[in-house]
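Engineer: Just dropping this structure here.
The values are calculated or read from the model by the stated rules, or taken from the named source; none is laboratory data. Here the structure is a predicted model, which means the values were calculated and not measured. Using ideal geometry, Cβ is built from the backbone for each residue, glycine included, and neighbour counts are taken over all protein chains shown. Just so you know, the surface numbers come from the protein's heavy atoms only, side chains and all, with ligands and any DNA or RNA stripped out. Shrake-Rupley method; radii C 1.70, N 1.55, O 1.52, S 1.80 Å.
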Amino acid sequence: MRYSALRILKEGLTGNKGWKPAWRDPEPKSEYDVIIIGGGGHGLATAHYLAKEHGITNVAVLEKGWIGGGNVGRNTTIIRSNYLLPGNEPFYELSLKLWEGLEQDVNYNAMVSQRSILNLLHSDAQRDAFIRRGNAMFLAGADAEYATADQLRAELPFLDFDNARFPIKGGLFQRRGGTVRHDAVAWGYARGADSRGVDIIQNCEVTGFDIENGVCRGVQTTRGPIKAKKVAMCVAGSSGRVAAQAGMRLPIESHVLQAFVSEGLKPVIPGVITFGAGHFYVSQSDKGGLVFGGDIDGYNSYAQRGNLPVVEDVAEGGMAIMPIIGRARLLRSWGGVMDMSMDGSPFIDRTHIDGLYFNGGWCYGGFKATPGSGWCYAHLIATGNSHPVAQEMRLDRFKRGHMIDEKGQGNQPNLH
Ligand SMILES: Cc1cc2nc3c(=O)[nH]c(=O)nc-3n(C[C@H](O)[C@H](O)[C@H](O)COP(=O)(O)OP(=O)(O)OC[C@H]3O[C@@H](n4cnc5c(N)ncnc54)[C@H](O)[C@@H]3O)c2cc1C
């Protein structure tokens with residue numbers, strides 16, 4: 001069933017009796033060509049592009065909980081492609097281009113809103129770094145725009161420009177950045193994949209791998225063993241735990257990241273604003289809530305909730321840059337488990353086990369990567385070769401000394 005304005009009109013006039021579930025609820029088959037472990041954004045996008053771009057439809061997505069229950073439904077919905085390094089920027093720009101056509105592609109309203117993203121800067125050195133990054137973005141075909149403090153005063157008068165510690169001296173815009181309704185992304189990709197024959201199997205946890213003579217032949221699950229020619233891990237914050245079942249130790253640590261939303265307010269923030277120096281970022285949802293967050297909780301954890309010191313830290317960051325936020329009441333907060341890689345950049349790669357693939361290490365930036373990650377992972381699984389824009393996202397890059405150290409902070413996951 002295609003969704004359209006005409007369909008809404010017809011259903012509205014006929015008692016809304018014709019709507020069908022957005023995807024089927026099939027029983028797992030005993031064998032598939034490809035099994036994707038993890039029904040988050042990346043797993044579902046991979047299944048969608050495998051079916052649509054490569055014609056591989058005998059695919060199952062195995063999800064231990066429910067679609068959208070992981071980070072894809074817990075993030076702060078920001079999309080952008082404002083990276084510096086050649087190992088990252090072309091990939092994120094491909095992803096942003098895919099966002100721009102996503103709703104037509106999957107026939108689902110994901111509320112893609114290119115309302116802009118602004119990185120604030122506070123020193124001359126930071127200005128140099130941001131302008132360099134803006135030029136790198138141009139080279140990859142992305143958009144970037146430098147704004148002076150005076151321009152920002154006119155556009156965003158509520159910011160604290162004269163903050164004693166971090167006076168705002170300008171900023172770097174990416175006007176094509178913005179937000180997307182996160183759980184609609186999971187639902188849209190699920191619908192897109194399902195409509196091409198992919199089985200999306202919820203409440204099906206992978207508990208082990210069937211590996212014979214260095215070849216992965218299938219998985220063990222809470223709903224029985226399932227054979228597959230290819231098995232693709234895509235479990236974000238659970239990467240370390242799932243890979244351990246295949247005897248792998250990853251260059252990844254799991255940490256909690258919290259997010260917050262205020263009561264609904266009249267429109268005040270036009271786009272996304274980031275305050276890197278104090279680690280605070282904020283946007284306003286279509287319902288009016290201020291959606292904001294900051295740093296990860298600085299200890300390893302698999303819990304989907306965080307602790308109070310980071311709540312205080314985020315509140316301080318907000319008050320430092322945008323004192324009006326002190327007048328808003330907090331509605332709720334939550335946490336998600338981040339798969340923090342050592343250099344802050346992701347992996348889309350095969351493993352040393354034949355037929356077993358790995359996608360993860362997205363840290364707290366994997367939502368914007370969802371379409372690009374699915375596109376490139378599907379390319380790797382289908383063709384056996386890395387997609388040109390994901391070639392550096394290899395698991396052995398630390399061994400080879402080829403880190404993608406976007407922030408120049410070295411191999412320290414808690415700093416990314
Ligand atoms: C608070 C917060 C804010 C964020 N903000 C942003 C942002 O603004 N912009 C941005 O780009 N990124 C952001 N991120 C990061 C982004 O959400 C993640 O990097 C991205 O969603 C991870 O990919 P995913 O959607 O596939 O993960 P998930 O949705 O977590 O999918 C992984 C799935 O694997 C399943 N799974 C785990 N183990 C098994 C198993 N054994 N068997 C079967 N299934 C299993 C899980 O249940 C889960 O559903 C944020 C994250 C958080 C938590």
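Engineer: Short version: ³J(HN,Hα) in whole Hz for each residue of the stretch 395-410, in order, from phi by Karplus 6.51 cos²θ - 1.76 cosθ + 1.60 (θ = phi - 60°), x for Gly and Pro, what are they?
Structural biologist: So the J values, rounded to whole Hz, are 5, 9, 5, 6, 5, 7, x, 10, 5, 10, 8, 3, 8, x, 10, x.
Engineer: Step through the table entries 64/230; 227/399; 29/229; 29/368; 64/227; 368/407, compare each Cα-Cα distance with 25 Å, and write down the pairs that go over it.
Structural biologist: Numbers: 64/230 19 Å; 227/399 32 Å; 29/229 14 Å; 29/368 32 Å; 64/227 17 Å; 368/407 18 Å.
As for pairs spanning more than 25 Å Cα to Cα, those are 227/399; 29/368.
Engineer: When ligands, DNA and RNA are left out and all protein chains stay put, how many square angstrom of accessible area per residue does the chain have with a 1.4 Å probe? Could the numbers behind the result be given before it?
Structural biologist: On the way: 18000 Å² over 416 residues.
Value returned for the chain: 43 Å² of accessible area per residue.
Engineer: So what's the angle, to the nearest 10 degrees on a 0 to 90 scale, between helix 308-321 and the longest Cα principal axis of the chain?
Structural biologist: 50
Engineer: What is the stretch 173-232 by shape, rounded, prolate or oblate, if you read a ≥ b ≥ c off the alpha carbon gyration tensor as root eigenvalues and call it rounded for a/c under 1.5, prolate for a/b larger than b/c, and oblate otherwise? Walk me through the numbers before you get to the answer.
Structural biologist: Values: a/c = 2.82, a/b = 2.09, b/c = 1.35.
Verdict is prolate for the stretch 173-232.
Engineer: State, to one decimal in nm², a quarter of the convex hull surface area for the C-alpha atoms of the stretch 259-408, i.e. the direction-averaged projected area.
Structural biologist: On the way: hull surface 43.6 nm².
For the stretch 259-408, averaging the hull's shadow over all directions gives 10.9 nm².
Engineer: In square nanometres and to one decimal, what's the mean projected area of the convex hull around the Cα atoms of the stretch 2-93? Each step should come with its number before you reach the end.
Structural biologist: Values: hull surface 37.6 nm².
About 9.4 nm², averaged over all directions.
Engineer: If you count, for each residue, the other Cβ atoms within 10 Å and average over each peptide, how do 210-216, 103-109 line up from highest to lowest?
Structural biologist: Numbers: 210-216: 13.4, 103-109: 16.3.
Per-residue mean Cβ counts within 10 Å order the peptides as 103-109, 210-216.
Engineer: Send over the semi-axes of the stretch 49-102's equivalent ellipsoid, whole angstrom and largest first, taken as the square roots of 5 times the C-alpha gyration tensor eigenvalues. Intermediate values should be presented prior to the final figure.
Structural biologist: Values: eigenvalues 122, 70, 22 Å².
Whole-Å semi-axes of the equivalent ellipsoid: 25, 19, 10.
Engineer: Please give me, ordered by residue number, the trypsin sites (Lys or Arg not before Pro) of the stretch 248-344 that lie in loop per DSSP and have at most 11 other Cβ atoms within 10 Å.
Structural biologist: Numbers: sites: 249, 287, 305, 327, 329, 332; in loops: 249, 287, 305, 329.
Passing sites in the stretch 248-344 are 249, 287, 329.
Engineer: Now for a different question. How much of the calculated P(r) for the chain lies past 42 Å, in percent of all Cα pairs? Provide the component values of the computation, followed by the final result.
Structural biologist: Details: 11255 of 86320 pairs.
The share of Cα pairs beyond 42 Å in the chain comes to 13 percent.
Engineer: Tell me, what % of the accessible area of the chain is carbon and sulfur with a 1.4 angstrom probe? Don't skip to the end; give the middle numbers.
Structural biologist: Values: 9290 of 18000 Å².
Carbon plus sulfur share of accessible area: 52 percent.
Engineer: Okay, moving on. Please figure out what share of the DSSP beta bridges in the chain is antiparallel and state it in percent, rounded to the nearest 5. Intermediate values should be presented prior to the final figure.
Structural biologist: Working: 48 of 68 bridges.
In the chain, approximately 70 percent of DSSP beta bridges are antiparallel ones.
Engineer: Then there's this: Per the Kirkwood definition applied to all pairs of different Cα atoms, how many angstroms is the hydrodynamic radius of the stretch 62-183?
Structural biologist: Working: mean 1/r = 0.0622 Å⁻¹.
Evaluated over the stretch 62-183, this radius sits at 16.1 Å.
Engineer: Subtracting the Cα-Cα distance from 0.36 nm times the residue separation, let me have the gained length for residue 210 to residue 162 in nm, one decimal. Please list the in-between numbers first.
Structural biologist: On the way: separation 48, 0.36 × 48 = 17.28 nm, distance 6.04 nm.
Extra length available between residue 210 and residue 162 comes to 11.2 nm.
Engineer: Relative to the longest principal axis of the C-alpha atoms of the chain, give the angle of the C-alpha long axis of helix 182-195, reported between 0 and 90° and rounded to the nearest 10°.
Structural biologist: 30
Engineer: Just to confirm my numbers, what's the Cα centroid distance between the stretch 298-367 and the stretch 25-95 in Å?
Structural biologist: 19
Engineer: Using a simple spin-label model with points 7 Å from Cα along the Cα→Cβ vector, what separation in nm is obtained for residue 354 and residue 249?
Structural biologist: 2.7
Engineer: Moving on. Mind giving me the nanometre distance, one decimal, between the label points for residue 66 and residue 27, set 7 Å out from Cα along Cα→Cβ?
Structural biologist: Distance between the two pseudo-spin positions: 2.3 nm.
Engineer: Can you work out the FRET efficiency for the pair residue 299 and residue 10, with r the C-beta to C-beta distance and R0 = 51 Å, to the nearest 0.05? Mind showing how you got there, number by number?
Structural biologist: On the way: r = 54 Å, r/R0 = 1.05.
My answer for the efficiency is 0.45.
Engineer: A further question follows. Once the piece of chain linking residue 391 and residue 334 is laid out straight, how much longer is it, given 0.36 nm per residue of separation minus the C-alpha distance between them?
Structural biologist: On the way: separation 57, 0.36 × 57 = 20.52 nm, distance 3.41 nm.
Stretched fully, the residue 391-residue 334 segment lengthens by 17.1 nm.
Engineer: Compute the angle between helix 41-54 and the longest alpha-carbon principal axis of the chain, please, reported from 0 to 90 degrees and rounded to the nearest 10.
Structural biologist: 60
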